[in-house]
1. Do you know which residues across segment 118-128 are without any contact (Cβ under 8 Å) to a residue 40 or more places away in the chain and either farther than 19 Å from ASP88 by Cβ or in a loop (DSSP other than H, G, I, E, B) (or both)?
2. Of the residues GLY109, GLY119, GLY127, which is at pLDDT 95 or above and within 17 Å of PHE155 (Cβ to Cβ)?
3. Return the residues of segment 135-176 that are in a loop (DSSP other than H, G, I, E, B), among the basic types (Lys, Arg) and more than 15 Å from GLY103 (Cβ to Cβ); say none if nothing qualifies.
4. Go over the candidates THR76, THR98 one by one and state the one that is within 19 Å of the chain's Cα centre (by Cα), among the β-branched types (Val, Ile, Thr) and assigned by TED's automatic domain parsing to the domain that holds GLU139.
5. Go through segment 27-103 and tell me which helices (runs of 4 or more DSSP H), entirely inside it, have 3 or more residues that are on the phi < 0 side of the Ramachandran plot and exposed (fewer than 11 other Cβ atoms within 10 Å of the Cβ).
6. Say we look at segment 22-61 and pick out the residues that are under 30 Å from TYR105 (Cα atoms) and among the acidic types (Asp, Glu); which of these is nearest to the chain's Cα centre (by Cα)?
7. For segment 135-150, enumerate the residues that are crowded, with 18+ Cβ neighbours inside 10 Å, within 23 Å of ARG90 (Cβ to Cβ) and out of contact with any Gly (no Cβ under 8 Å at 6 or more places or on another chain).
8. Of the conditions (1) more than 18 Å from GLY150 (Cβ to Cβ); (2) modelled with pLDDT of 95 or more, THR98 satisfies every one except a single condition; which number is it?
Amino acid sequence: MNFSSKLLENAVDEFGRLPGIGNKTALRLVLHLLKQPDSEVARFTQAINTLKEKIQYCKECYNISDDAVCEICLSTKRDKSTICVVEDTRDIMAIENTNQYQGVYHVLGGLISPMDGVGPSDLKIEGLLERIRKGEVKEIILALSATMEGDTTIFYLYRKLKDFQVQISTIARGIAFGGELEYVDEITLGRSIQTRVPYERNVG
């Protein structure tokens, strides 16, 4: 792609670093911003700067939060005895949109993937174990994507959790293998949460 301006090229390159953004989309976004009033662009950049400066991760579940503890963990309406383990914040948003789950969450921050150099120590597993050791948790729902990495992580977590006095379940596989949780439609995802099954049934 040939650019008439080095400044334009640099801006397109930076936008192109974002996931799912190719060069053509990056160029379209940059040209759109150039057409906007200075006040609109300033508001956009301020929102990004504020995000980076002030965003926190909940000290309980590691969800993205404005405060030290997220709204879900603080809510008195949530069932603290049930923890739904997910890969990242996008999965929490997907499950919350189903309106079928009233427990709390635990964000791992990724999935075990030796090919990508991600091991168990890179995930928030110890934080999950600490929550269980407090003795208030009755059920752990392993709601991870139906991929090889997701299944590997579920099996590892099962081995770590099976000696605790908690029920371990997985979401029902109405979700095709290879499917990312965040892209599943709300009805299917909601039913998968409601019809979750004990993980022991899946262990050969």
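The values are calculated or read from the model by the stated rules, or taken from the named source; none is laboratory data. Quantities reported herein were computed from a predicted structural model and do not represent experimental measurements. Glycine also receives a Cβ, built like all others from the backbone with ideal geometry; neighbour counts cover every protein chain displayed.
1. GLY119, LEU123, listed by residue number.
2. Just a single option satisfies the conditions, and that option is GLY119.
3. Once the filter is applied, which keeps residues that are in a loop (DSSP other than H, G, I, E, B), among the basic types (Lys, Arg) and more than 15 Å from GLY103 (Cβ to Cβ), segment 135-176 yields LYS162, ARG173.
4. Going through THR76, THR98 in turn, just one is within 19 Å of the chain's Cα centre (by Cα), among the β-branched types (Val, Ile, Thr) and assigned by TED's automatic domain parsing to the domain that holds GLU139: THR98.
5. Fully inside segment 27-103 and qualifying: 38-54.
6. Per the criteria, the residue is GLU60.
7. Residues satisfying the conditions are ILE140, LEU142, ALA143, GLU149, GLY150.
8. With respect to (1) more than 18 Å from GLY150 (Cβ to Cβ); (2) modelled with pLDDT of 95 or more, THR98 is out only on (2).
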